[in-house]
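As structure tokens, the structure follows; a few thoughts come after it.
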Amino acid sequence: MMMDFAGKSLDLSAPHVMGIVNVTPDSFSDGGRFFSADKALEQARKLVADGATIIDIGGESTRPGSEPVGVEEEIRRVVPAIEAIHAELDVVISIDTMKAKVMRAAVAAGASLINDVNALRSEGALQAAAELGVPVCLMHMQGSPQTMQQQPHYSDVVSEVNEFLSERVAACEAAGISRSKIILDPGFVFGKNALHNLRLMKHLSVITESDLPVLVGVSRKSIIGAMLNISVEERLAGSLALASIAIWQGAKIIRSHDVRETVQAVRLCEHVMQVNDFD
């Protein structure tokens with residue numbers, strides 16, 4: 001399952017790890033740490049050395065209750081970081097944004113994947129993605145970052161998330177985006193309570209049964225804190241456990257703050273899954 005990212009190909013028949021670089025002052029885990037292009041590049045170097053094959057750049061926090069960022073401010077945050085990373089590192093760069101204008105500026109700067117938590121539903125986003133021609137990641141979110149954790153409700157979270165993603169894939173194809181350029185993300189914690197997240201993880205194979213690669217982002221997320229009663233800084237083990245469960249069920253990209261440890265967990269899962277049953 002080869003996917004072309006503006007001339008750089010990744011084999012998504014095997015799992016990959018996406019490293020997170022947030023150039024924001026307020027992201028839930030690393031807000032403010034990489035708020036300059038120099039700091040972002042330094043972190044990207046580390047993540048690539050640790051085994052990341054994709055670097056995800058975000059200029060707007062999407063944590064629950066976060067405040068929206070203006071288009072020009074988001075561009076001001078992400079473009080210098082993308083340009084610096086693109087100039088030095090041989091890695092796929094993803095832009096984590098919902099805004100069409102940011103997508104265009106980021107791809108012009110060197111990004112080759114659009115990672116949209118709103119699944120290209122914002123004004124102009126679907127058209128921009130189709131015109132830019134780079135792969136897209138479509139995520140499920142009930143509500144918006146400002147409202148998504150205000151009593152989310154589902155009759156059947158697994159089937160509803162799966163149906164939503166199928167509808168967004170159809171919308172992309174109708175807009176001219178090739179199926180070969182689409183990645184799915186069930187959106188853990190985005191408009192889902194603890195039970196919804198657990199059920200979605202338990203039955204993730206329903207979504208990975210698609211012919212499209214699936215990205216899972218559970219790194220340091222609140223579901224781990226809720227289940228184990230631990231702080232963000234203590235969530236590495238839980239992040240690795242959920243990442244391993246996701247890989248076992250067919251996920252192809254794990255989005256992570258802790259790349260070195262996640263790569264190790266992913267590789268060990270691969271060894272177990274590929275070993276012959278008999279000598």
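Readers should treat all values here as calculations from the given coordinates under stated rules, not as data from a laboratory. Note that the structure is a prediction, hence the values are computed from the model and not measured. Backbone-built Cβ (ideal geometry, glycine too); neighbour counts: all protein chains shown.
Which of the residues spanning region 106-141 are within 16 Å of the chain's Cα centre (by Cα) and more than 20 Å from residue 73 (Cβ to Cβ)? Matches in region 106-141: 112, 113, 119, 120, 134, 135, 136, 137, 138, 139, 140, 141. When 106, 87 are checked against the criterion of being of a type in the set (A, V, I, L, M), farther than 30 Å from residue 197 by Cα and crowded, with 24+ Cβ neighbours inside 10 Å, a single residue qualifies: 106. Taking region 100-122 as the range and being assigned to a helix (DSSP H, G or I), over 17 Å from residue 61 (Cα atoms) and of a type in the set (Gly, Ala, Ser) as the test, the residues that pass are 105, 108, 109. Contact map, region 237-248: first residue within 11 Å of residue 267 (Cα to Cα), second residue outside any helix (DSSP H, G or I), Cβ cut-off under 8 Å, separation 6 or more or different chains; pairs are 247/15; 247/254. On inspection, residue 50 does not qualify as charged (D, E, K, R), under 17 Å from residue 137 (Cα atoms) and surrounded by 17 or more Cβ atoms within 10 Å (Cβ to Cβ).
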